[in-house]
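Heads up, the thing below is written out as structure tokens.
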Amino acid sequence: MNALLVAEDVKAYYSSSKGLVRAVDGVSVDIDPGDVLGVAGESGCGKSTLSNVLMMNIRPPLSFLGGKVLLDGKQDLAAMGREKVKAQVWGRVITLVPQSALNALVPTRKVGAFIKDVLRYHLKLNAREAWALAEKRFQELGLPVEALTKYPHQLSGGMRQRVVISVVTLLNPKLLIVDEPTSALDVSTQKQVLKMLLHLGAKHIVRAIVFIAHDIAILRQIATRIAIMYAGKVVEVGPMERVFQGPLHPYAYSLIHSVLTPEPEVRERGLSYIAGEPPDLVHPPEGCRFHPRCPRSLPICSREEPPLIGLGEDRFVACHLALGRH
Amino acid sequence: MIHLLRYLIRKVVFALAALVFFVSVIFALPRLIPGNPVGVLVSKLALQGQTDPARIQAVYRDFMDEFGIGLPLWEQFTGFVTQLLRGDLGTSISMYPRKVTEILAIYLPWTVALLLPAILVSWVLGNYLGALVAWRRGTLLDKLVTPILLTVSRIPFYWFAMLMLFAFAVYLRLFPIGGTYSWGLTPSLTWDFVGNYLRHYTLPFLTWVVICLGGWAVGMRSMMIYELGSDYVLSADTLGLPQRKLLRYAFRSACLPQVTELGLNFGFMLSGSLLLELVFNYRGMGSITFQALSALDYPLIQGIFIVLAAAVILANLAVDFIYGFIDPRIRTGHLRR
Amino acid sequence: MGNARLVVSAALFLAVVLFGLAGRWAYPVDPVSRVGGKLQTPSWEHPLGTDVQGRDVLAQLIHGTGTSLSIGITASVIAVAIAIVVGVISGYRGGLMDDSLMASANVVLAFPVILLLLVVAVFVPVRSPMVVALLIGFTSWPGLARAIRSQIMSLKEREFVFLSRMTGCGGVRIAFVDLLPNMMTYVFTSSVVIMSAAMLAEAGLSMIGVGVTKGTSLGTMLFWAQLSDAVRRGLFWWFIPPGGVLTVACASLLLLATALDQFFNPRLKER
């Protein structure tokens, strides 16, 4: 399999005044070219941390404690160290649109000037070449060229979000990671952003996208595969529609069924909710992390942690019940 | 462009309003005391040892004219304002019949020569130093320099000046013990004079820079630390941009509030410089203020008041102008200041 | 760690206060009369020597410290009182009242106290410490007033105010009774800072001659020292102690303020 990026059992913890927060605790995912991998879960489940770990953007108080991040099956980013990864990978191969993208542009520089900085540094272009490239890319992605002459604060929220996405993908990176790109936007702007992301994939400007969100409905519109995280671990992975129609993990089931979708079955099904509170990531529960809130837990669930096992056809799940174990 | 223009015009209007306010205050104050203000003021002359009655009579008459006592209040005010607009700040009582403008013209340039370079140098150096320790935050440099800067900024600046003078001029004899230039010399554009002046200038200049530098550095350090942690710096980092570019971006943003601070602090720095000149016996506005106070020479004090107030208003206006050009949000009308 | 800072700064400041207020019993020398020869260097009889008029410097230091401290406290109390009234009314009422109060705050803020005192000095040549404290207090309120105002403006929108209004309480009363207590820790910390600034201001102003002219303060000591060319003549025992005490007093006050800040807001620890 020529996977683009493979994370093997990566662990990254935060040190806080209360102890070590196990934000990403043994996560394995792989991303293939052409994938739009949606990563879903409640707040605090570790999705944003995972996005940083995938590109080895580790900064105190976060520390990387183990695992491998294999790029193109060859380089282990985890073994390279931050400086090397920054120099070789960031912006060029893997790029990130962080959660606070609305403030991601330098306020004292016009958009075009900032883009010029990026292009001149990475591609060694001169001012004119850089500007031409910027214009071309903006036109390709359906953004007004005048935006290049404006300061960030002069652009609307949705426009800024799209500009940020186009800026980070200027160098045609293989993997684009976006973290909650649509949460702060209204529905019509959300559609524009999603359209742009799909366009990036269709034009092969990027080869794969990791889309982090807590909103399954949004993911359904764009993701090809979905990984559901809970308490720092991945609990289920699989093709988007199949997981959506038939989730195997109880948490995945509750998450998906707490979504209002305009489909006739929903009226009969009713809304479910997930009882209890998110677990303490400093002292997670013994055994399966979801078992205290799981409506279908078995005795084994409080003793043994279920491993993430493949069930064929690209479906993986970490649940004793789903795997038929007692 | 139009936003910038609107901003600048607003600032000019406020400046003029402030000027009018202060002129009115200085006009009103002597006329608020019961009785004849000129009488009060001239009587102080007598206290100073001037006893010739004919002389006092002459002075009294002249000042009655100048102050316009006896005329209706409105006419007094217009007379006062026209006088000001002509550049006439009145006649000194203690140095009668010399004009206030004439006297101040001797002292003001020396103050400007000391104050402006000192402010600029300390601001620039202080900002760079602050940015440097912010970048190297937590390292030995930061742990050493920052507490020193904090400590120096806690020492009363006038006392610090005294200590500097004592240490470097009196004890170590590295510099002349105060004064603007040596006795017997007259100001001229000769190397001799300039050299001599610079020798006298160095210690007060250095003292002032050291005092102010700490303040700017500490402020800049905080601003830089804040900016370096902001979203756009972190994003630029993830885009692979090098550290020095990130520092440039943060520095640019952090400088903006420092410019505003320059304006806000100018009044304080101006009054501080008066005191500093006193300690170093540097013959600028400080020493003439002291003299005027000892002699209770009201016209002279009034003139000093007007000059200082105008200086502060002007400096604030200049800073506002500069800020208008460097903050992109003002040029595009997105920020009401 | 934070507590150590609190204790140390409080102790230092208390030492200064003790020195200023109780020192005159431990060292009952009159600061204003001639007690020895002129300009004597420190000796057993006069631990800090004498000044140009033969007055005991240590006695002056003790009395001066007391005076400066009382000026600091008085000015601080006045400034805080004005700031609270202006800030609360301005923040709560808004509108024209707010605009005009803030405009006057800006005027007071931007202009050096020295200008006001220059003019006062001519017409009120004899100024007691309390007069100076009053004037400093009347010019030190804008910063705190602005801070209080913005706090009030944000708290105004919160739920518990809405409830108070529903129960029929009057507007300004709500502001003072419900909102103000939330800010008392901040106000207290600020008053400490204002006190330190007031003491520094008094000394500088007295030194140039526009401050205190009746009585002894740390500033007047520096004034007389400056007048007699103390630095040039190397009379270190005269000009060093007043500045030294002033530095210790103000530095400990500012340290106390940051320690108090951390004490009241433990979340704001620097990483």
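Bear in mind that the values in this text are calculations on the coordinates, not laboratory data. Since the model is a prediction, treat every value here as computed from it, not as a measurement. Every residue, glycine as well, gets a Cβ built from its backbone with ideal geometry; the counts of neighbours run over all protein chains shown.
For the pair region A:9-34 / region B:285-315, the C-alpha centres are spaced 68 Å from each other. Leaving out same-chain residues fewer than 8 places away, which aspartates and glutamates sit with a Cα under 16 Å from that of residue A:136? The qualifying aspartates and glutamates are A:146. What's the center-to-center distance, using Cα atoms, between region B:122-190 and region A:209-239 in Å? Rounded to whole Å, the Cα centres lie 60 Å apart.
Counts of other chain beta carbons within 10 angstrom of each beta carbon in peptide C:101-112 average 3. Shielding value for C:228-234 is 5, the average number of Cβ atoms from other chains within 10 Å of each residue's Cβ.
Two numbers describe the Cα atoms of region C:1-51: Rg and Dmax, which are 16.0, 49 Å.
When +1 charges are put on Lys and Arg Cβ atoms and -1 charges on Asp and Glu Cβ atoms, the dipole computed for chain B relative to its Cα centre reaches about 980 debye.
Within region A:14-79, the ratio Rg/Rh, alpha carbon atoms throughout and Rh by Kirkwood, equals 0.98. Each Cα pair under 8 Å and six or more residues apart adds its separation to the average, and for chain C the resulting relative contact order is 27 percent.
Against the main long axis of the alpha-carbon atoms of chain C, helix C:113-123 sits at an angle near 60°. Cα centroids of region C:195-211 and region B:202-222: how far apart, whole angstrom? Measuring centre to centre over Cα atoms gives 21 Å. Counting only lysines at least 8 places from residue A:18 when in the same chain, those with an alpha carbon closer than 18 Å to its own are C:269.
What size of dipole, in debye to the nearest 20, comes out for region B:183-337 about its Cα centre when the only charges are +1 on Lys and Arg C-beta atoms and -1 on Asp and Glu C-beta atoms?
Charge dipole of region B:183-337: 440 debye, to the nearest 20.
Using C-alpha pairs under 8 Å with a sequence gap of at least 6, the mean separation divided by the residue count of chain A gives a relative contact order of 20 percent. A simple charge model with +1 on the Cβ of Lys and Arg, -1 on the Cβ of Asp and Glu and nothing else charged puts the dipole of chain C at about 160 debye relative to its Cα centre. Helix B:298-326 against the longest principal axis of chain B: what's the angle in degrees, Cα atoms only, rounded to the nearest 10? For helix B:298-326, the angle is close to 30 degrees. The aspartates and glutamates whose alpha-carbon is closer than 13 Å to the alpha-carbon of residue A:86, local same-chain residues fewer than 8 away aside, are B:237.
Across peptide B:262-272, the average count of Cβ atoms from other chains found within 10 Å of a residue's Cβ is 3.
Dipole of chain B computed with +1 at Lys/Arg Cβ and -1 at Asp/Glu Cβ about the Cα centre; of B:206, B:153, B:127, farthest Cα towards the positive end is B:127. Here chain A was treated as a single set of alpha-carbon atoms; its pair distances binned every 20 Å from 0 give 31, 56, 13, 0 percent. Cα-based radius of gyration for region B:183-238, normalised by 2.2 N^0.38 Å, reads 2.12.
Across every direction, the projection of the convex hull enclosing the Cα atoms of the protein assembly as shown has a mean area of 50.7 nm².
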